[in-house]
Structure formats: structure tokens, C-alpha cells
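Trainee: My questions all concern the structure below.
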Amino acid sequence: MIRLYVFDLDGTLVDSLRDLSDSANELVVSYGGAPLDTDAIGRMVGEGAATLVSRACAAAGIDKPPDALPRFLEIYDTKLLNHTRAYDGMADVLSTLSTRASLAVLTNKPLAATRRILDGLQLSRFFDANAILGGDGALPRKPDPGGFNQLRIRVDVAASAAMLIGDSLVDWQTAQNAGSDICLARYGFGFRQFPHAVLNGHEHLIDRPEDLLRLEER
């Protein structure tokens, strides 16, 4: 039985692709680069803002200026909730899961932005304040398992009783490194470029949030 569900944010709890894309494009255009396709930017998300900025600048054919990361964060701060929405049914799923197990969030997005999104979408009520970890804290970012392990140790849950829910290779690698189960959200934009050859048959795959509620019935 799963006693702890640890959720990725972008592409798992929320669809944030449009706001991330608009912010990245505003950044590269401001430096004279050409705007990028939304799906292309989606393939750059998952390893933190610094990696997204580096990839966007490279794809736009510009050398990354020294102020690119703080400038992107300033731009994105004004767009966090323009189009970002929780995936359909997510609030009901979290409400049900919270009666069965502890819930947590582990993302490579900066913590302040993560909290603003969760607050703005009324999802923060499902997570204790210290059960939300961002990518700018003291611990290494995913796929390092440190954040995941801290979250499970906090509620005294063994790795075998914890599950990571995510949509990207980074999430899959994190679960592998932690020795825990992984549930991959095929509805998330990070799954579009997931290398299926790495799948080992032990993963759970879901096509909508409510599928999570039936995992323990299998």
C-alpha cells in the first residue's frame, strides 16, 4: 500500500506549458532571437529554470547573456497564472488520496513560484507547507533522490511505500535513484519526448489524474 504520494508540478499537477512558453519566448525575443514553438519549449522543461533558459537561448540561436536567468524569472513571475491550470479532476483526486496517504510536491521549479501556483489554483490545501520542495533549496534537484528521500523520511515512510508521480524522464530517474515506484502521467507535456526504450515494465502509467485512484486496486 502506498503511504506517500510525491507529485511533480509542471505537466503532472498543473498544465503550465503556455505560461512557460510565453515567458521563454519573451526572453529570447528581447535578445533578438526568433520565437520558439510551444511544443519545442515543452521539451526543454523539467530540469529547472536555468536549464530551460540555456536550452531556449541555444534553440533561438543566441548566446545566453549573463542576466538571462534572472530576467526570465522576472518575466515568468508576471505570467505564472495567466493560463496555468490544474489538470481536470486533479483537486478531487488529491482530496481522495489525502484520506489514504500523505501527499507532497517535489519540483525543480523555484519554491516561491511553486507556492504561488499552488495557492492560486487552490491546491496548496492538500500539502503541508514543509511537504513542498522546490529546485532552489539546499538539496540537489531531481533526478537526485535527496528531496524525495527527505519527504518520505519526514513522514516515516519507507522507499517501498512511496510513489513519485511525474511526466518526464527526470521523474523516472528520480524514482529509480530513490528505489521507489514511479507513476508516469502520459497526459503531461513532459511525456511527449519520454524515451520509451528505458521503460522496464514496472512503471505505472496513467492517462488522466483519476486513474491514480485505481492503482491500488490492480
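The values are calculated or read from the model by the stated rules, or taken from the named source; none is laboratory data. Since the model is a prediction, treat every value here as computed from it, not as a measurement. Cβ sites come from the backbone with ideal geometry, for glycine too, and all protein chains shown count toward neighbours.
Trainee: For the range 122-138, enumerate the residues that are surrounded by 17 or more Cβ atoms within 10 Å (Cβ to Cβ) and not hydroxyl-bearing (Ser, Thr, Tyr).
Mentor: Correct list: Leu123, Phe126, Phe127, Ala131, Ile132, Leu133, Gly134, Gly135, Asp136.
Trainee: With respect to Gly46, is the statement that it is under 21 Å from Tyr187 (Cα atoms) and not assigned by TED's automatic domain parsing to the domain that holds Ala91 true?
Mentor: Yes: the conditions hold for Gly46.
Trainee: Also, I was wondering about something else. Keeping to the range 171-218, report how many residues are within 25 Å of Ala40 (Cα to Cα), at pLDDT below 95, of a type in the set (A, V, I, L, M) and not in a loop (DSSP other than H, G, I, E, B).
Mentor: 2
Trainee: Follow-up question, since we're still on this one. So which of Leu97, Leu27, Leu4, Leu80 is under 22 Å from Arg141 (Cβ atoms), at pLDDT 95 or above and more than 18 Å from the chain's Cα centre (by Cα)?
Mentor: None of the other options fit; the residue is Leu27.
Trainee: How many residues does the range 145-170 hold that are over 14 Å from the mean Cα position of the chain (by Cα) and not in a strand (DSSP E or B)?
Mentor: Number of matching residues: 15.
Trainee: Among the residues of the range 56-68, is there at least one that is within 30 Å of Ser160 (Cβ to Cβ), outside the structural domain of Met163 (by TED's automatic domain parsing) and part of a loop (DSSP other than H, G, I, E, B)?
Mentor: No: zero hits.
Trainee: When you check Gly33 against the structure, is it within 23 Å of Trp172 (Cα to Cα) and outside any helix (DSSP H, G or I), yes or no?
Mentor: no
Trainee: While we're here: State whether one or more residues within the range 122-134 are in contact with a strand residue (DSSP E or B) (Cβ under 8 Å, 6 or more places away or on another chain), hydroxyl-bearing (Ser, Thr, Tyr) and either within 21 Å of Ala49 (Cα to Cα) or outside any helix (DSSP H, G or I) (or both).
Mentor: No, because not a single residue in the range 122-134 is in contact with a strand residue (DSSP E or B) (Cβ under 8 Å, 6 or more places away or on another chain), hydroxyl-bearing (Ser, Thr, Tyr) and either within 21 Å of Ala49 (Cα to Cα) or outside any helix (DSSP H, G or I) (or both).
Trainee: Determine if the range 107-118 includes at least one residue that is among the charged types (D, E, K, R), at pLDDT 95 or above and over 21 Å from Asp19 (Cα atoms).
Mentor: No, there is no match, as no residue in the range 107-118 is among the charged types (D, E, K, R), at pLDDT 95 or above and over 21 Å from Asp19 (Cα atoms).
Trainee: For the range 10-35: of the residues being of a type in the set (A, V, I, L, M, F, W, C) and crowded, with 20+ Cβ neighbours inside 10 Å, which is nearest to Phe126 (Cα to Cα)?
Mentor: Taking the candidates together, the pick is Leu13.
Trainee: So, one more: In the range 185-206, what residues are surrounded by fewer than 10 Cβ atoms within 10 Å (Cβ to Cβ) and under 18 Å from the mean Cα position of the chain (by Cα)?
Mentor: Once the filter is applied, which keeps residues that are surrounded by fewer than 10 Cβ atoms within 10 Å (Cβ to Cβ) and under 18 Å from the mean Cα position of the chain (by Cα), the range 185-206 yields only Pro195.
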